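The values are calculated or read from the model by the stated rules, or taken from the named source; none is laboratory data. Quick caveat: nothing in here was measured; it's all calculated off a predicted structure. Every residue, glycine among them, receives a Cβ derived from its backbone with ideal geometry; neighbour counts consider all protein chains shown.
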């Protein structure tokens with residue numbers, strides 16, 4: 001999908017019509033000392049016909065702190081969208097409580113500072129992208145020049161400034177998603193809830209959204225991201241909760257949830273055939289891409305022996321170290337443990353400070369790098 | 001209030017672009033203009049024919065438009081989840097319902113006004129250039145009040161029911177409302193029929209009080225009661241329907 005060049009527009013916005021709330025302040029840890037988003041024993045049962053019930057969410061405890069990207073991951077039907085709907089007051093909890101910026105979910109004061117990007121948004125078909133953004137801006141109290149400028153800024157930010165006049169009925173799914181993102185940000189929210197924000201986008205579009213999410217964090221925004229695309233989540237989020245069938249399986253910083261495997265990975269370049277053969281014999285698996293070799297060493301193989309082989313052959317050691325499991329691995333492990341009857345979360349809250357992003361154990365650019 | 005106006009105008013903009021609405025509007029105008037052709041079937045009563053057909057076209061086509069618009073406005077927003085993004089903004093559920101109601105009213109009354117304009121032209125031609133009878137303007141005012149009342153019922157139904165249910169019940173409301181005096185006069189032969197008739201009389205709106213055609217055709221003066229009573233009736237009925245809509249919509253899950 002062709003798109004406008006990535007815009008470097010600031011994420012902050014002009015003044016939005018907000019109720020004065022001098023007593024409410026967002027700090028690094030939350031609102032007046034409370035988390036930005038808080039779920040306490042949140043449960044939701046949907047009633048079906050003939051008295052049947054489906055438990056969509058069961059006793060969810062969750063805290064999202066100011067300025068972090070928090071992801072709720074899980075397969076379809078795990079309770080991600082239900083959580084977002086409960087936080088927005090679109091549905092009511094069967095048990096438990098939810099707070100958004102310290103307020104109940106249906107508080108209009110909280111909603112003045114919240115943005116929501118739904119999965120597969122749908123807008124009035126007769127409106128153009130610009131009109132959609134202006135419509136939502138007006139709902140947030142923006143008027144006149146402020147509204148016009150904000151719409152311009154956001155359409156540029158999401159790469160829609162050249163197609164601002166295309167009506168929704170003629171927009172592709174990706175274009176609608178971009179407009180939805182702009183509409184969510186129109187009130188310069190402190191907290192942005194995103195439900196599968198890259199749904200329907202091509203890889204370039206998805207990357208742009210991912211970069212935008214990171215920029216939102218840099219601008220001090222808090223992002224709650226719901227997704228089943230684990231790779232994307234892993235790249236941007238600080239902390240996560242893994243949900244499965246409405247239950248929280250894991251919760252905490254990525255660095256604590258993702259376990260370090262026993263396997264050692266060695267990456268080297270410019271190896272001789274002889275050295276490559278020796279290392280292959282020490283490895284469980286070996287790959288070569290464009291002159292770069294990647295070996296997963298056998299547990300019994302000595303890491304320093306492998307390093308010596310590289311050095312003696314005059315090759316270049318690019319990195320060596322333990323492998324950390326991917327989020328996908330952690331998710332599958334959590335689900336398997338849950339299915340096997342393991343009780344309680346796999347990992348608990350990861351301390352006070354949000355994790356500074358994912359840190360690989362592998363010694364890249366230092367450590368054990370040659 | 002600004003949120004209500006924003007939603008109202010968006011609803012109006014969406015409504016007037018619906019093709020089915022344009023088709024009904026064209027049919028209504030064709031019917032009104034066609035009265036000049038078909039009046040020859042009522043020799044000696046041409047004026048009555050033109051007025052009858054014109055006023056009834058305005059009323060019934062507007063009611064059809066009201067049903068087709070009102071029945072889809074809220075259910076479609078729920079189905080397409082546009083509602084989620086609107087309610088995620090600082091917009092109350094009551095404001096949303098009120099905006100939808102006002103937008104639908106604006107669209108229906110706009111179409112009724114276009115039909116009335118066509119009728120006025122036909123009427124002036126029929127009366128060979130004489131001025132419009134003021135009673136006709138009063139009748140248009142009452143038709144507008146009747147339409148507003150009817151739309152409030154449709155909006156109330158659409159806050160909890162599906163489009164099909166709203167369509168069916170709305171047609172029933174038209175039938176019951178247009179025959180309200182008939183139900184009052186029927187003698188109840190059993191306690192069941194007594195309860196049914198009592199229920200109909202108590203709940204169904206009485207659309208017959210909005211009809212001034214007899215006064216118009218006899219050129220009799222219109223008593224103020226014939227205007228004030230239906231206007232107050234419409235205002236009260238509409239208020240109750242909107243209040244019920246707010247209560248129901250406030251408790252709904254989306």
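The set of residues in the stretch A:132-150 that are facing chain B (nearest Cβ under 9 Å) and farther than 13 Å from residue B:89 by Cβ contains only A:143.
Residues in the stretch A:156-180 that are buried (at least 23 other Cβ atoms within 10 Å of the Cβ) and within 17 Å of residue A:124 (Cβ to Cβ) were compared, and the one that is nearest to the other protein chains (Cβ to nearest Cβ) is A:180.
A residue that is within 13 Å of another protein chain (Cβ to nearest Cβ), farther than 18 Å from residue A:132 by Cβ and modelled with pLDDT of 90 or more occurs somewhere in the stretch A:218-231. Inside the stretch A:193-211, residues that are touching a helix residue (DSSP H, G or I) at 6+ places or on another chain (Cβ under 6 Å) and assigned to a strand (DSSP E or B) make up a count of 2.
Which one of B:250, B:206, B:181 is surrounded by fewer than 16 Cβ atoms within 10 Å (Cβ to Cβ) and without any contact (Cβ under 8 Å) to a residue 60 or more places away in the chain?
That would be B:181, the only listed residue that is surrounded by fewer than 16 Cβ atoms within 10 Å (Cβ to Cβ) and without any contact (Cβ under 8 Å) to a residue 60 or more places away in the chain.
From the list B:83, B:68, the one residue that fits, being at pLDDT 90 or above, part of a helix (DSSP H, G or I) and within 14 Å of another protein chain (Cβ to nearest Cβ), is B:83. Every listed requirement among (1) over 12 Å from the mean Cα position of the chain (by Cα); (2) assigned to a helix (DSSP H, G or I); (3) modelled with pLDDT under 90 is met by residue A:235 save one, (1). The combined condition, being more than 14 Å from chain A (Cβ to nearest Cβ), free of Cβ contacts under 8 Å to residues at least 12 places away in the same chain and at negative phi, is fulfilled by residue B:137.
Does the stretch B:184-202 contain any residue that is under 16 Å from the mean Cα position of the chain (by Cα) and closer than 24 Å to residue B:154 by Cα? No, the stretch B:184-202 has no match at all.
Scanning for something without any contact (Cβ under 8 Å) to a residue 24 or more places away in the chain and away from every other protein chain (no Cβ under 14 Å), does the stretch B:9-18 turn up at least one residue? No: the stretch B:9-18 contains no residue that is without any contact (Cβ under 8 Å) to a residue 24 or more places away in the chain and away from every other protein chain (no Cβ under 14 Å). The one condition from (1) within 16 Å of residue B:13 (Cβ to Cβ); (2) surrounded by 19 or more Cβ atoms within 10 Å (Cβ to Cβ) that residue B:106 does not meet is (2). Condition check for residue A:81 on (1) touching a residue at least 60 places away in the same chain (Cβ under 8 Å); (2) in a strand (DSSP E or B): one failure, at (2).
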